[in-house]
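The next block holds one structure in the form of structure tokens; read it before the comments.
The values are calculated or read from the model by the stated rules, or taken from the named source; none is laboratory data. Every value quoted in this text rests on a predicted model; they were computed, and no experiment measured them. Using ideal geometry, Cβ is built from the backbone for each residue, glycine included, and neighbour counts are taken over all protein chains shown.
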2 protein chains.
Amino acid sequence: MKSTASLYNDYSTAMQQIADVKYASAVLQWDQETYLPAQGSHFRGQQIATLTAIAHERFTSKSLEDILLELSARSELGPEQARNVSLSLYDFEKNKKLPPAFVRQLSEAVNKSFHAWIEARRVNDFTLFAQPLEAVVELKRQEAVFLGGTADPYSTLMNDYDRGLNVATVDALFGSLRPALTGLLQQIQERPQVDDRCLHQHCNKDQQWKLGMEMLRRIGFNFEAGRQDISEHPFTINFSSQDVRVTTRIDEQDFANMLWSCIHEGGHALYEQGLPAAQYGLPLGEYCSLSIHESQSRLWENNIGRSLPFWEANFSMLAGYFPAQFSAVSLRAFYHAINKVQPSLIRTEADEITYHFHVMLRYELEKQLIEGSLQVKDIPDAWQQLYRQYLGVDVPDHKQGCLQDVHWSHGSFGYFATYSIGSLYAAQFDAAIQLKNASVYDEVRMGNLSGVHHWLRQHIYPFGRYHSSGELCNLATGEPLNAQHFVQYATQKYTEIYDIK
Amino acid sequence: MKSTASLYNDYSTAMQQIADVKYASAVLQWDQETYLPAQGSHFRGQQIATLTAIAHERFTSKSLEDILLELSARSELGPEQARNVSLSLYDFEKNKKLPPAFVRQLSEAVNKSFHAWIEARRVNDFTLFAQPLEAVVELKRQEAVFLGGTADPYSTLMNDYDRGLNVATVDALFGSLRPALTGLLQQIQERPQVDDRCLHQHCNKDQQWKLGMEMLRRIGFNFEAGRQDISEHPFTINFSSQDVRVTTRIDEQDFANMLWSCIHEGGHALYEQGLPAAQYGLPLGEYCSLSIHESQSRLWENNIGRSLPFWEANFSMLAGYFPAQFSAVSLRAFYHAINKVQPSLIRTEADEITYHFHVMLRYELEKQLIEGSLQVKDIPDAWQQLYRQYLGVDVPDHKQGCLQDVHWSHGSFGYFATYSIGSLYAAQFDAAIQLKNASVYDEVRMGNLSGVHHWLRQHIYPFGRYHSSGELCNLATGEPLNAQHFVQYATQKYTEIYDIK
């Protein structure tokens, strides 16, 4: 009989080689978004498809299954090893539940619906998208049945993004979040509104780039283990914890878009750079969940990156890059401008309060789509109605309405909630950091972020997928995830900014 | 029995998937040379190794062998299909002749010798490199025996770079080239020497970059199917004929280095962009040989790129980028400067006459190494002696002597000759172009390169590996490769420049 050590070695070698192929495919995707010449896209698509197929073939192989089953029966594994094996087996078995013919069918349907979405959006016509989307919804409902049965299909789909997350939990969280934010938003809207014109001055491209790079450096992004480039849509991607790449985009009339995108992606990247390199290719080297990933981007983007102390430390740097634009703007006015609250149509441009309404209504809609209580053709009306109800805005067209997000066209049902859940985690982590170190924001005010880094390196980064999001939160903050920390954070911050009595 | 069409389809699908993996690995290598952050190199090495192993495994698989053998027996294949199959079978069988244990041993020896070379070069001590290189030489001798028997081991190794090239041919070519160039060099040295100080003025980096990009555009590089980036050593790499990438480097004291590197790599790239996309992954979609590849870079770099007509068309552009540096320099003085002949120590910096001596003496040395008549430990003395004999220069140290090239440390024995052979092909093609179109250089003088492009698109690009280099040359020029065209070209050009009576 093979020794456990040697068997574990077989397992980790196999997993690392699968990771090599997946990360190679990720490099090809990164290149596609950043540097690929136009005519290269056809063969590039083929190259990515071949690598994806190889990785899939290896991860679903009989030989890996044998190793996983044999290892699961061994008692000599250390706790980390045992956790790796059990998570890999979980992934393996989940994969096996989906018949290859179904996977192919879904992939083809998604491909069709993605291209239909692009065209529908271009010509602002939802009907072009409706049928392909219907096919995807139907297949996602089938997928849920393959994976978890008929009891709670939408929860089953959410598991793909955050293992353990379910409708009951999210309903409860959003149930306490929504009235609190509705009340706060109403109070804000009764006050004099913030003037944010200082954010829409012309700011030179090259200077913006330098500012973004400097900001990444200041928040601790390690350029020895990563880089930043330009792409149409900002994203973070990694090819190991030692090579984590972010991208940004630059609009000369909207430097804030660039800057907070750097901080947001930088937060994702700090997490990836902090994951244990020794677990390369294994579950404990991977991020915990999309919710936790999003908590890291939002903690940096909002809790820290839109705080007054942070800008006490960094405003002079900004004014140094753009003296003509900012030497006459006060820190206070700037702080208000970057925290202006205003109901709007586009999720990705929303402030940190109204953002959650965008998410909550998408969550409601997709839950109903998967549960079968909403038909695809009725999405535009339901969208219009919920935007009126949640945000008090009228949706003038589909482009600025239900065609704005790519997610559904990709079949990503169950994803949206993790955006808001991420903010809730971020606020809860932020509170825990301050509880641990009461003067942490005094340090931030001096440009010293080590208190934040220290806490994250202790409580979040080293665990990979060892814990579920919920367990990680319990261990890191001493309590289960709840909306109160975010509500408290938001209430305190915006009561002060809007001078609410 | 499976139909031939369906079998051929299996073959091309298998080959295309292998190409997908190889090109993916090439993307990872390109990224490694251009954008990889420092800490990323460890896992990147692992990722490339895994892809290399997958491609090798698939290309040596029993299933591919069965398809190839079965297809070779079918008579219904068209000539192109038959040629693809026979070349793939040739590659397959060559691969099979090398035992896996031997391949591993060679790869480890090369890895050691490459690192030893870096260190030996750094501290200028050949003895650090001698032993690892000896091991590589010994293994390359064994490889030659595996591949072709004991009769002519060095010719066998040359086959790797140019199928059909052999010692007899190269000896004959160099035998006529060397005395002619020796005579010409002597005549040049008796004349007043060229002043090339205009090439060593300070030229701003950003302007150099723009100049290089403009030059690539002017020679016809398609930026929709390729791009240029910066790397330590310039190279050309492709991931399909639709995505061909070149790199350059910039030294502010030596803009000529940047500019002719752009033209040189651009020539390689034009060839790759011209290969038939429909043959992606198949031999007919690949370059003919390293000699022919080099003919393409040298034709553009030297025959065209250092010609007076070319600079009649482009000198004002150069002076536009660098007015302070070139407005007082005459076209004639510039033309002389870029063609200055002077024996020197470093191959890659040599002019187009003395370059061949650098190559010929390396060819002599490595032939002797592989045939066993020269010991590795005696390389430095032999190097010193040949540099005196061929070029009349003293080699002051190993760094500027036998440690200057990476090739031997990589086990690339049989490669060097293709550099000179490439120049001979280039001159012969140049002559054929002019024979076909007597006014082609009058067009070049007007900035019109279509005559050159047209000829290359007709006679070189579309064939891939269909013909051997020798056959291609015969078909394109009507005669076998010979040194006379180069000798004639060089004699005419330098007699004029140096005003030799």
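Which one is farthest from A:TYR466 (Cα to Cα) among residues in region A:139-172 that are surrounded by 15 or more Cβ atoms within 10 Å (Cβ to Cβ) and of a type in the set (A, V, I, L, M)?
Filtering region A:139-172 for residues that are surrounded by 15 or more Cβ atoms within 10 Å (Cβ to Cβ) and of a type in the set (A, V, I, L, M), the one farthest from A:TYR466 (Cα to Cα) comes out as A:LEU139.
Looking only at helices (runs of 4 or more DSSP H) that lie completely in region B:318-396, which have at least 2 residues being without any contact (Cβ under 8 Å) to a residue 40 or more places away in the chain and either buried (at least 18 other Cβ atoms within 10 Å of the Cβ) or in contact with a Leu (Cβ under 7 Å, 6 or more places away or on another chain) (or both)?
Working: elements: B:323-326, B:331-337, B:355-371, B:379-391.
Hits in region B:318-396: B:355-371, B:379-391.
Which residue is nearest to the other protein chains (Cβ to nearest Cβ), if the candidates are limited to region A:212-223 and must be assigned to a helix (DSSP H, G or I) and either in contact (Cβ under 8 Å) with a residue 60 or more places away in the chain or exposed (fewer than 15 other Cβ atoms within 10 Å of the Cβ) (or both)?
If we filter region A:212-223 for residues that are assigned to a helix (DSSP H, G or I), which is where we start, we get A:212-218, A:223.
From the residues that got through so far, the ones that are either in contact (Cβ under 8 Å) with a residue 60 or more places away in the chain or exposed (fewer than 15 other Cβ atoms within 10 Å of the Cβ) (or both) too are A:214-215, A:217-218, A:223.
Working: A:GLU214: 17, A:MET215: 18, A:ARG217: 13, A:ARG218: 18, A:PHE223: 7 Å.
In this case the residue turns out to be A:PHE223.
Given the condition buried (at least 18 other Cβ atoms within 10 Å of the Cβ), of a type in the set (A, V, I, L, M, F, W, C) and within 30 Å of A:THR169 (Cα to Cα), answer yes or no: does some residue in region A:192-211 qualify?
Within region A:192-211, none of the residues are buried (at least 18 other Cβ atoms within 10 Å of the Cβ), of a type in the set (A, V, I, L, M, F, W, C) and within 30 Å of A:THR169 (Cα to Cα).
Name the single residue that is farthest from A:PHE322 (Cα to Cα) among those in region A:238-257 being part of a loop (DSSP other than H, G, I, E, B) and away from chain B (no Cβ under 14 Å).
Here the residue is A:ARG249.
Do you know which residues across region A:47-69 are touching a helix residue (DSSP H, G or I) at 6+ places or on another chain (Cβ under 6 Å) and either of a type outside the set (S, T, N, Q) or surrounded by 17 or more Cβ atoms within 10 Å (Cβ to Cβ) (or both)?
A:GLN47, A:ILE48, A:THR50, A:LEU51, A:ILE54, A:ALA55, A:ARG58, A:PHE59, A:LEU64, A:ILE67, A:LEU68
Among the residues of region B:228-250, write down those that are within 25 Å of B:LEU284 (Cα to Cα) and surrounded by 19 or more Cβ atoms within 10 Å (Cβ to Cβ). Step through it out loud before you land on a result.
Within region B:228-250, the first condition is being within 25 Å of B:LEU284 (Cα to Cα), and the residues that meet it are B:235-246.
Hits for region B:228-250 are B:THR236, B:ILE237, B:ASN238, B:PHE239, B:SER240, B:SER241, B:GLN242, B:ASP243, B:VAL244, B:ARG245, B:VAL246.
Condition test on A:LEU7, is it facing another protein chain (nearest Cβ under 7 Å), closer than 29 Å to A:VAL85 by Cα, in a helix (DSSP H, G or I) and in contact with a helix residue (DSSP H, G or I) (Cβ under 9 Å, 6 or more places away or on another chain)?
Details: facing another protein chain (nearest Cβ under 7 Å): no; closer than 29 Å to A:VAL85 by Cα: yes; in a helix (DSSP H, G or I): yes; in contact with a helix residue (DSSP H, G or I) (Cβ under 9 Å, 6 or more places away or on another chain): yes.
No, not satisfied.
Among (1) touching a Lys or Arg at 6+ places or on another chain (Cβ under 7 Å); (2) without any contact (Cβ under 8 Å) to a residue 12 or more places away in the chain; (3) not small (Gly, Ala, Ser), which single condition is B:GLN46 missing?
(1)
What are the residues in region A:49-70 that are within 13 Å of another protein chain (Cβ to nearest Cβ) and of a type outside the set (D, E, K, R), if any? Give the derivation first.
Filtering region A:49-70 for residues within 13 Å of another protein chain (Cβ to nearest Cβ) gives A:49-55, A:57-58.
Scanning region A:49-70 gives A:ALA49, A:THR50, A:LEU51, A:THR52, A:ALA53, A:ILE54, A:ALA55.
Residue by residue through region A:132-170, note down the ones that are under 24 Å from A:ARG104 (Cβ atoms) and without any contact (Cβ under 8 Å) to a residue 12 or more places away in the chain.
If the condition is that a residue be under 24 Å from A:ARG104 (Cβ atoms) and without any contact (Cβ under 8 Å) to a residue 12 or more places away in the chain, then A:GLU138, A:VAL145, A:GLY148, A:GLY149, A:THR150 are the ones that fit.
Answer yes if at least one residue in region A:261-280 is in contact with a strand residue (DSSP E or B) (Cβ under 7 Å, 6 or more places away or on another chain), within 14 Å of chain B (Cβ to nearest Cβ), not in a helix (DSSP H, G or I) and not small (Gly, Ala, Ser), and no otherwise. Walk me through it before giving the result.
Let us first name the residues in region A:261-280 that are in contact with a strand residue (DSSP E or B) (Cβ under 7 Å, 6 or more places away or on another chain), namely A:261-262, A:265-266, A:268-269, A:272-273.
In the following step, the residues that additionally are within 14 Å of chain B (Cβ to nearest Cβ) were identified as A:269, A:272-273.
Now restrict to residues that are not in a helix (DSSP H, G or I): none.
No, region A:261-280 contains no residue that is in contact with a strand residue (DSSP E or B) (Cβ under 7 Å, 6 or more places away or on another chain), within 14 Å of chain B (Cβ to nearest Cβ), not in a helix (DSSP H, G or I) and not small (Gly, Ala, Ser).
Among the residues of region A:483-498, how many are in contact with a Ser or Thr (Cβ under 8 Å, 6 or more places away or on another chain) and either surrounded by 21 or more Cβ atoms within 10 Å (Cβ to Cβ) or hydrophobic (A, V, I, L, M, F, W, C) (or both)?
Qualifying residue count, region A:483-498: 3.
Among the candidates B:GLY470, B:GLY447, single out the residue that is assigned to a loop (DSSP other than H, G, I, E, B) and either small (Gly, Ala, Ser) or under 18 Å from the mean Cα position of the chain (by Cα) (or both). Reasoning before the result, please.
Working: B:GLY470 fails: assigned to a loop (DSSP other than H, G, I, E, B).
Checking each option against the conditions leaves just B:GLY447.
Tally up the residues in region B:461-477 that are more than 15 Å from B:ASP162 (Cβ to Cβ) and acidic (Asp, Glu), please.
Final tally of qualifying residues: 0.
Check whether at least one residue in region A:377-389 is polar (S, T, N, Q) and within 25 Å of A:ARG298 (Cα to Cα), and report yes or no. Explain how you work it out, then say what you get.
Here is the first cut: in region A:377-389, the ones polar (S, T, N, Q) are A:384-385, A:389.
With the extra rule that they be within 25 Å of A:ARG298 (Cα to Cα), the set shrinks to none.
Looking for residues that are polar (S, T, N, Q) and within 25 Å of A:ARG298 (Cα to Cα), one finds none in region A:377-389, hence no.
I'd like the full set of residues that are of a type in the set (A, V, I, L, M, F, W, C) and touching a residue at least 12 places away in the same chain (Cβ under 8 Å), limited to region B:430-470.
B:ALA431, B:ALA432, B:ILE433, B:VAL440, B:VAL444, B:MET446, B:LEU449, B:VAL452, B:TRP455, B:LEU456, B:ILE460, B:PHE463
Within region B:15-43, restricting attention to residues that are in contact (Cβ under 8 Å) with a residue 24 or more places away in the chain and touching a Gly at 6+ places or on another chain (Cβ under 9 Å), which residue is farthest from the other protein chains (Cβ to nearest Cβ)?
First pass over region B:15-43, keeping only residues in contact (Cβ under 8 Å) with a residue 24 or more places away in the chain: B:15-27, B:29-30, B:33-35.
Applying the additional criterion that residues be touching a Gly at 6+ places or on another chain (Cβ under 9 Å) yields B:15-20, B:22-23.
Details: B:MET15: 12, B:GLN16: 7, B:GLN17: 5, B:ILE18: 9, B:ALA19: 8, B:ASP20: 4, B:LYS22: 9, B:TYR23: 6 Å.
Ranking the qualifying residues of region B:15-43, first place goes to B:MET15.
Spot the failing condition for B:GLY164; the list is (1) assigned to a loop (DSSP other than H, G, I, E, B); (2) more than 23 Å from the chain's Cα centre (by Cα); (3) modelled with pLDDT under 95, and only one is missed.
(2)
Please go through region B:77-89 and give me each residue that is surrounded by fewer than 18 Cβ atoms within 10 Å (Cβ to Cβ) and in contact (Cβ under 8 Å) with a residue 60 or more places away in the chain, ordered by number.
B:GLU80
Pairs needed: first member in region B:224-237, within 12 Å of chain A (Cβ to nearest Cβ); second member anywhere, among the polar types (S, T, N, Q) and in a loop (DSSP other than H, G, I, E, B); C-beta distance under 8 Å; at least 6 residues apart or different chains.
B:ALA225/B:SER241; B:ALA225/B:GLN242
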